[in-house]
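What follows is a single structure, written as structure tokens, with notes after it.
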Amino acid sequence: MQQNGPGLIAALRALPRPAWILFLGTFLNKFGAFVIPFLVLYLTRQGYSTAQAALAIGAYGVGNFVASGLGGYLADRMGRRKTIALSMFSGALAMILLSQARGLYPICLITALTGLTGELYRPASSALLADLVPAGQRVTAYAAYRLAFNAGWAFGPATAGFLATHSFFWLFVGDALTSVLFGVVALIALPQGVRSSEQQSGWSEALRALGQSKELRRILFASLAIALVFFQMSSTFGLHVTSVGLSSGTYGALLSLNGVLVVCFELLLTSFTQRLPARRTMAAGYVLIGTGFALNAFARSVPAFGLAMIIFTLGEMVAMPVSSAYIADLSPAHLRGRYMGIFGFTWALALVCGPGLGMMIYARSPLLLWLSCGGLGLLAAFIILLKTEQRPINRRSVTEAPQKLGEPL
């Protein structure tokens, strides 16, 4: 709960109905996100090398990178609802095309298209949630949004692991169908959200804000460092789990463990962490994330991998809701989609570079890779704790006691 504010249940009940519809659509979409977590395994079983599989993941990251900018622009110019629907319907079509692609270059090209179309919705969804939820409630709102996201993530990979043992084709079909469902929900039930005028919708104003805001640059660099760690989960982590003799089903179950923990505990944990200074909270989460992945260096059994995943997930639950609200608070309403797009750029850049770099390091030394992940967690914590005299805008959305976030660190 927020300090001197309503309890968790009351805070959830205070969220507007369209926010809950957004959560439902997000759950449907992420439950069916079958393909990308299993893309490396799919391609290597088709006879491609790990380097070629990394190229395909990097292509998805290139599409994601473009989607961050284009999705942020469309969210502000065309509107949040239309951008979400466009993303879902075009993403479903791209996923079916990917299932029929043969040859490395067609696979990489269509994977990039899948990344572009399938990720357009992310800035729009985050911006719409900030539009719907007033200051003072956003940490709870983003935690609930992540709960929906991770509820889908909890059950989806386990289902995908089962399907993959029979036929990878059904992964593509299921992914496409759940995207269509979210698109229909968006068109029928979501509001339009804030729209910018043509004069306000360009990128020049957002880039000027980036140049002027030390707070924004700091969280972007910290997010880039920690995102490089996150994207090992869908690339080298699967290879590492299977390399020690465990099955692809075990890998899917470990991914589901992450989602189950977030679903069960993140909202409760957020009721405590949102009372704390935001930057220190994020820093603690980043250290835990790095530590969890560093422990993979020594894991050889299901319990050991499970322990590493629990520590990583604890860090995720501590850092991620606060960081999302922190970015939302920095953004003026008419720039909100592009601010979320800039935030998405850091994760997309990590998706472009992270799997390939991770696989190169893993091929030379798995120990070096996992210890490097620990180092990146420490680096992210250091960056977010750097002192600056600049203060973010509207910090009351992270806590009702603004001095908590404004106090010197």
Single match in Thr50, Thr83 (criterion: over 30 Å from Gly193 (Cβ atoms), β-branched (Val, Ile, Thr) and more than 15 Å from the chain's Cα centre (by Cα)): Thr50
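Being of a type in the set (Lys, Arg) and under 18 Å from Trp20 (Cβ atoms) is the filter here; which residues of region 86-143 pass it?
Of the residues in region 86-143, the ones of a type in the set (Lys, Arg) are 102, 122, 138.
Within region 86-143, just Arg138 meets the criteria.
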Would you be able to say whether some residue in region 107-116 is in a helix (DSSP H, G or I), closer than 28 Å to Pro321 by Cβ and either open to solvent by 40 Å² or more (accessible area, probe 1.4 Å) or among the acidic types (Asp, Glu) (or both)? yes
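So, in region 164-203, exactly how many residues are part of a helix (DSSP H, G or I) and at pLDDT 70 or above?
Of all residues in region 164-203, those part of a helix (DSSP H, G or I) come to 164, 169-189.
Applying the additional criterion that residues be at pLDDT 70 or above yields 169-189.
Residues in region 164-203 being part of a helix (DSSP H, G or I) and at pLDDT 70 or above: 21 in total.
If you scan region 271-294, which residues turn out to be free of Cβ contacts under 8 Å to residues at least 40 places away in the same chain and under 15 Å from Ile226 (Cα atoms)? Explain how you work it out, then say what you get.
Quick first cut of region 271-294, residues free of Cβ contacts under 8 Å to residues at least 40 places away in the same chain only: 272, 285, 292.
Gly285, Gly292 - these are the residues of region 271-294 that are free of Cβ contacts under 8 Å to residues at least 40 places away in the same chain and under 15 Å from Ile226 (Cα atoms).
Yes/no per residue for (1) under 18 Å from the mean Cα position of the chain (by Cα); (2) within 24 Å of Leu268 (Cα to Cα); (3) modelled with pLDDT of 90 or more; (4) surrounded by 24 or more Cβ atoms within 10 Å (Cβ to Cβ):
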| site | (1), (2), (3), (4) |
| --- | --- |
| Ala294 | no, no, yes, yes |
| Gly306 | no, yes, yes, no |
| Pro321 | yes, yes, no, yes |
| Pro332 | no, no, no, no |
| Gly337 | yes, no, no, yes |
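The values are calculated or read from the model by the stated rules, or taken from the named source; none is laboratory data. Everything quoted here is computed from the prediction, not taken from an experiment. Cβ: placed from backbone, ideal geometry, glycine included. Neighbour counts: every protein chain shown. In case anyone asks, the SASA skips ligands and DNA or RNA and just uses the protein heavy atoms, side chains included. Shrake-Rupley method; radii C 1.70, N 1.55, O 1.52, S 1.80 Å.
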